[in-house]
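**Student:** Before I ask anything, here is the structure I am working with.
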Amino acid sequence: MFAVVLVPNFRLQAALRFREETWLRRPAAESACGASPQRELRCPATEGSATPCSQPIVLVDANDPKSGILEINGTAAAAGVSVGQTSTQALARCPALAIVPRSPAQEQSAQAALLEIAGTLSPEVEATADGFCTVNLRSARGHDWPALGARIVAGLAALSLGGQVGIASNPDLAFIAARHARPVLTVQTSHAFLANLALHELNPSPDLLAVLGDWGIHNLAQLTSLPRGELMDRLGPEAARLWERAGGKMERPLLLVRAAEEFAEAFDFEREVETVEPLLFIVRRFLDQLAARLGNVHRVAGRMALTLMLANGGTHAHTFTVPSPTADVDVLFRIVHTHLDGLRLDHAATGVRLLITPALAERQQFQLFESPLRDPNRFGETLGRLAALVGAENVGTAEVLDTHRPDSFRLRAPRFHEMNTANADADSFDVGLPLRRWRPPLVAEVRVVRQRPEFIVSEKVRGVIRDALGPYRASGGWWESALWATEEWDIETEAGGLYRLARAGSEWRIEGSYDEPPAQERRTVVAMHPEEGTR
């Protein structure tokens, strides 16, 4: 068995997914369009949706005004509007008509959502064309086909798409069933289903259709009553293929597609947006849709990439790492909201793109005395707020630079996904007295005798230097403009304090102090330096 999942008026539905405020508004001049206000009109663009459509809507291509109207909904059709008319002609027939521009980006997102829904039936899915796909159901034998189709229709409705499902013994027959489904149709006997269908249901060429019409052949039952061999002799191979399709005997292999590795939604505003509220509204809608799509494939959000299309043709892009991968819409929305709330752009936004990279839900067994962050996502939001206040370059995790220059580090964004796997081995490095750095270093005056510091005077430290280890000289950056050189000493004063002393040029600074050792070890420990160890 095969199933075809069809979205009627696909391009129009894709453009309306995030525009319910347009087609849900009942026009004030409904009677001016020739539609009876007493009659409930069904909207093919939202077939299967829980909300009926009363607004007459047409789809046009803003980049090709001469192409005319591409698709219409049922209300517009009832008002006398037809495909191919110009916008002016359509408005003359229906002044309350809503004209919606085509959006290729939204069509791409809707097609991806359609394939994801179809993939819940079977891994063997063919992206047959825009707006419908074909599924091989050989791995789903013995199922309740109407219930299976109803589940797919409900899943499409949750994604603001109205769908129809046809189930039959071959792909072509399933497609015809999908076109006649309201909203699910299962063909048990192909001959009985096809007998009374008109010839144009199989889309034959106009020439062949005209010849058969001259013969008095107008439906599929009349066509299959003719001998196939004689039909092919007189009208050629196309007539033979049409005869096989009319009998429900046409078989073909499916061109399978792989599941998408990213989930994206897109929307283009009709006007430039200068405030954050419209952006937050559409992002929230995006996340509702994306969370449902992630649920269909049993995944959660690991990373998000937000892109704003700007009026000057540029873009603003930002990537968010979800500290604890989740499909919770509230958590994902707070992450994006924190960024947008403090965002300042030089140009107004004209469109929004949101892409989510899926991940598996975290399942980790911690050690007996190991504890994770209580709420990694809340911690990430706090870091985001701090970054908005003091700048992203001033918030993060300290990372030592690959250089011998003392106290050289940079701040990088926390890598939450690596925290649970990065376990430091305490035996892999030497342990000595910890150095507590003073920021900024304390300026000092030092008396040097025979190239060794003997006496120090500063705001906090003063006295005779009883012992000193050094000098430890280092330099670098001579191949760049940032040339540096330093000379370091570890000193002990008569008062028993242990300090790091450094000289750059002619200036002496106290970089910090070492924690004092226990009293019984104070006589044996002078100081510790990375290059000397402990004495």
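**Student:** If you stretched the chain out fully between R241 and E459, how much longer would it get, using 0.36 nm times the residue separation minus the C-alpha to C-alpha distance? Numbers along the way, then the final one.
**Tutor:** On the way: separation 218, 0.36 × 218 = 78.48 nm, distance 9.81 nm.
Result: 68.7 nm gained on full extension.
**Student:** Next up: May I ask for the distance between the Cα centers of segment 144-170 and segment 195-220, given as a whole number of Å?
**Tutor:** Each part's Cα centre sits 29 Å from the other's.
**Student:** Report P(r) for segment 125-246: all Cα-Cα distances, bin width 5 Å, range 0 to the bin holding the largest distance, values in whole percent.
**Tutor:** Going out from 0 Å in 5 Å bins, segment 125-246 shows 2, 10, 18, 21, 15, 13, 10, 6, 3, 1, 0 percent.
**Student:** Mind pulling up the Rg/Rh value for segment 215-257? Radius of gyration and Kirkwood radius, both on Cα.
**Tutor:** 1.08
**Student:** With a point put 7 Å past each Cα toward its Cβ, work out how far W438 is from A150 in nm, to one decimal.
**Tutor:** Rounded to a tenth, the inter-label distance reads 7.9 nm.
**Student:** A474 to V276: extension gain in nm, 0.36 nm per residue of separation minus the Cα-Cα distance? Please list the in-between numbers first.
**Tutor:** Values: separation 198, 0.36 × 198 = 71.28 nm, distance 5.12 nm.
Net length gain for the segment: 66.2 nm.
**Student:** Taking loop as defined by DSSP and a crowding limit of 13 other beta carbons within 10 Å, which GluC sites (Glu not before Pro) in segment 210-302 fit? Present the calculation step by step, with values, prior to reporting the outcome.
**Tutor:** Values: sites: E230, E238, E244, E251, E261, E262, E265, E270, E272, E274; in loops: E251, E261, E262, E274.
Filter output for segment 210-302: E251, E261, E262, E274.
**Student:** Determine, from the Cβ-Cβ distance of A305 and F379 and an R0 of 22 Å, the FRET efficiency 1/(1 + (r/R0)^6), rounded to the nearest 0.05.
**Tutor:** Numbers: r = 21 Å, r/R0 = 0.96.
For R0 = 22 Å, the calculated efficiency reads 0.55.
**Student:** Tell me, in nm to one decimal, what length is gained between L208 and T120 on full extension, where the rule is 0.36 nm per residue of separation less the Cα-Cα distance?
**Tutor:** Numbers: separation 88, 0.36 × 88 = 31.68 nm, distance 3.92 nm.
Between L208 and T120, full extension yields an extra 27.8 nm.
**Student:** Could I ask something else about it? Just flag the trypsin sites (Lys or Arg not before Pro) in segment 136-188 sitting in loop per DSSP whose Cβ has no more than 16 other Cβ atoms within 10 Å. Please report the intermediate quantities before stating the final value.
**Tutor:** Details: sites: R138, R141, R151, R179; in loops: R138, R141.
When the trypsin sites (Lys or Arg not before Pro) of segment 136-188 are filtered for loop state and at most 16 Cβ neighbours within 10 Å, R138, R141 remain.
**Student:** Treat the count of other C-beta atoms within 10 Å as a stand-in for reagent exposure and order M304, M1 from fewest to most. Before the final figure, lay out each step's value.
**Tutor:** Details: M304 23, M1 18.
In increasing order of surrounding Cβ atoms, one gets M1, M304.
None of the figures in this text is laboratory data; all of them are computed from the coordinates on show. The structure displayed is predicted, hence computed values, not measured ones. Neighbour counts run over all protein chains shown; Cβ positions are idealised from the backbone, glycine included.
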